[in-house]
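Scroll down for the structure; my scribbles are underneath it.
Bear in mind that the values in this text are calculations on the coordinates, not laboratory data. Nothing here was measured: the structure is a model prediction, and the numbers come from that model. Please note: Cβ atoms are built from the backbone with ideal geometry, for glycine as well, and neighbour counts cover all protein chains shown.
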Amino acid sequence: MKVREVVDYILEIAPFRDSYGEIPRDDAIVFGDENTEVKGIGVTWSPTIKVLSEAAKLDLNFVITHEFLFWGHSETIWFKSDKDVMKKKPNALRHKILQEKQMTVYNTHKNWDAASGWGMCDAFPKLLGFEKEINRGRFIRVHEIEPMKIKYLAGIIKEKMKIPVVRVAGDTERKVSKIATAVGGLGQIYGIAEEPYNLGAEVVVFGEAVDYAIRCCVENNMVAIETSHVLSENPGVKNLAKKIKEKFPQTKVEFLDAGYPYNFLG
């Protein structure tokens, strides 16, 4: 089996088109060749040095990732960025592993987010135990639960995600029943709260969020709960690994955890 066959299967189950129309394509084989013979597959949120080292150790020569492979160049007045991106230490180390182990990396993003029923946007609320969907946007989901105080909801989210802390903006004593999920990095968009507000949400559970997105929630009279970018998307990563394993049962397929990077000091 070649890399191209696996890519074709992913595009079959997660096409760059949904009920809203075309999804801008952002997939590519970013290292290696589509004609590479697959010995084993690693599916990950981010191809960190640790993840690629683990893939090499497990003899997984094809890595499928949700996030980018190499740190890019930024044209900015705020800091000086090297235009030769392969001079960046993390990039050089990633490249060394890939080259030595003759690995191929496929990066695909928005279609994986939107994949109906199992992609990032649908897998996150399932992880949290939200079952009654009452509204949705292209990437936002709104569910209804029995009314409960925010402080109890936050505790449930922490337990489901196995996360030590969440950040909450808003009244923790407020009772809510309509909850929007904004998986992954959707909260990096300043005005993202407009959509859950228009969809009737009282609280937005983010993966990762910038301050402006949080304030947009508060000024729209919604509570904001920030969890984790990687942990909110890992359920969708695991789902793809499972689907690939079911499709290609003779091939070794592993979920490679990019890890939760934080420690919290009180």
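Side notes on the structure shown:
- Debye, to nearest 20: dipole size of the chain, +1 on Lys, Arg Cβ, -1 on Asp, Glu Cβ: 640
- Residues 27, 122, sorted so that the one with the fewest Cβ neighbours within 10 Å comes first: 27, 122
- The length gained on full extension between residue 146 and residue 220, counted as 0.36 nm times the residue separation minus their Cα-Cα distance, comes to 24.4 nm.
- Positive-end extreme of charge dipole, region 36-82 - chosen from 64, 76, 53 (charges on Cβ): 53
- Of 110/243; 2/88; 101/162; 110/238, pairs whose Cα-Cα distance is over 24 Å: 2/88; 101/162
- Scanning the chain for DSSP H helices at least 24 Å long along the axis (C-alpha atoms) with a Kyte-Doolittle mean no lower than -1.0 picks out 229-247.
- Pairwise FRET efficiency - residue 71 versus residue 16, Cβ, R0 = 41 Å, nearest 0.05: 0.95
- Modelled FRET efficiency - R0 45 Å, residue 167 with residue 99, Cβ distances, 0.05 increments: 0.65
- Which of 130, 68 has the fewest Cβ neighbours within 10 Å, and the rest in rising order: 68, 130
- Build a GNM of the chain with springs between Cα atoms under 10 Å apart, and of 87, 132, 160 the one that fluctuates most is 87.
- For the chain, calculated [θ]222 nm from helices alone, where every DSSP H run of n ≥ 4 adds -39500 (n - 2.57): -10000 deg cm²/dmol
- Residue order for 106, 260, fewest other beta carbons within 10 angstrom first, comes to 260, 106.
- Among 20, 212, 197: highest mean-square fluctuation, GNM of the chain, C-alpha pairs under 10 Å: 20
- Judged by the gyration tensor of its Cα atoms, with axes a ≥ b ≥ c, region 121-226 is rounded; a/c sits under the 1.5 cut.
- Kirkwood-type radius of the chain, with distances r between different C-alpha atoms, in Å: 19.6
- Across 76, 44, 227, mean-square fluctuation computed from a Gaussian network of the chain (C-alpha pairs under 10 Å connected) peaks at 76.
- Amide hydrogen proximity for residue 61: with H placed 1.01 Å from N in the peptide plane, the residues at 5 or more positions away or on another chain lying under 5 Å are 39, 40.
- Per-residue extension of 0.36 nm, minus the Cα-Cα distance of residue 4 and residue 264, leaves a gain of 89.4 nm for this segment.
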